[in-house]
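Asker: Can you keep this structure in mind? I'll have questions shortly.
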Amino acid sequence: MKVGGGVVFNLLKQFVKKVLGDLFAKKKHVKIGLYGPPNGGKTTLANRICKDWLGEEMGTVSNIAHETREINIKEQISIESKGRQLSFNLVDTPGIATKIDYEDFVKVGMSDTAAKKRAKEATKGVIDAIKWLDEMDIVIVVLDGTKDPYSQVNITIIGNLQARKIPVLIIANKIDLRKASLKKVQSAFPQYSVVGISAKYGKNIEEFYESLFVLAG
């Protein structure tokens, strides 16, 4: 029995569509980057995610700015919620700053030599973090909810993300502190979803995970 060319073409098109559909349906593994100014709580959040789903921490936390000065990656993290699963590589980046002065490190007790070394490494870390933006499928911007969100650094980060059209979730961290204001962060960036959490204590962390599923589609 002969089959018309149009029928064959339609059958072939349906087959290709199904194969590609299955392929993309399985592509649930994404690269998620944690970005933000120094001491916003990026590494604390990274540790929270890794402890929740892998049972181990990812990096070292410090009260001194620029503790994270290199790109850190934790691979194959899978989170689950309501029968859904999302697999991703988590990329913790150095804090973005428009100015890094070694004297700021001297003021918190570092020697001149250690302070200059930290400033140099932190500067390189900022450059690397910006370069890595092009690798990200999703970016989580982690802000200190107790600080003014209308800073030059925050606006620079958001501007870079808008230019690259990367899906963004903004975290107002440290909402366990009295000075924190979720509303201020929401008002500063109304074009994005903003979730208030305490990465340190795990407060509202489930809403954060739910937001990741929404952003990943």
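Just so it is clear, none of the values below were taken in a lab; they were calculated from the coordinates. Here the structure is a predicted model, which means the values were calculated and not measured. For neighbour counting, all protein chains shown are included, and Cβ atoms are generated from backbone atoms with ideal geometry for every residue, glycine included.
Asker: For the pairs Lys124/Lys174; Lys107/Lys165; Lys124/Lys203, note any where the Cα-Cα span goes beyond 31 Å.
Answerer: Lys107/Lys165; Lys124/Lys203
Asker: Along the charge dipole of region 28-216, which of Trp53, Ala188, Ser198 sits closest to the positive end, that is, farthest toward it, with unit charges on the beta carbon of Lys, Arg, Asp and Glu (+1, +1, -1, -1)?
Answerer: Value: Ala188.
Asker: Turning to a different aspect of this structure: Short version: ³J(HN,Hα) in whole Hz for each residue of region 171-187, in order, from phi by Karplus 6.51 cos²θ - 1.76 cosθ + 1.60 (θ = phi - 60°), x for Gly and Pro, what are they?
Answerer: Taking θ as phi minus 60°, the curve returns 10, 8, 8, 6, 6, 6, 8, 4, 7, 5, 9, 5, 4, 5, 5, 4, 5 Hz for region 171-187.
Asker: Among the trypsin sites (Lys or Arg not before Pro) within region 86-168, which fall in a DSSP loop and have no more than 16 other Cβ atoms within 10 Å of their own Cβ?
Answerer: Lys99, Lys165
Asker: For Ile96, which sequence-distant residues (separation of 5 or more, or a different chain) have an amide H within less than 5 Å of its own amide H, given hydrogens modelled in the peptide plane?
Answerer: Gly36
Asker: Also, I was wondering about something else. If r is the Cβ-Cβ distance from Asp134 to Ser193 and R0 is 25 Å, what FRET efficiency results, to the nearest 0.05?
Answerer: Using R0 = 25 Å, I get an efficiency of 0.65.
Asker: Once phi is turned into θ = phi - 60°, what whole-Hz ³J(HN,Hα) does the Karplus curve with 6.51, -1.76 and 1.60 give for every residue of region 106-121, x standing for Gly and Pro?
Answerer: Values per residue, Gly and Pro as x: 4, 4, 9, x, 7, 6, 4, 5, 5, 5, 5, 5, 5, 5, 5, 5 Hz.
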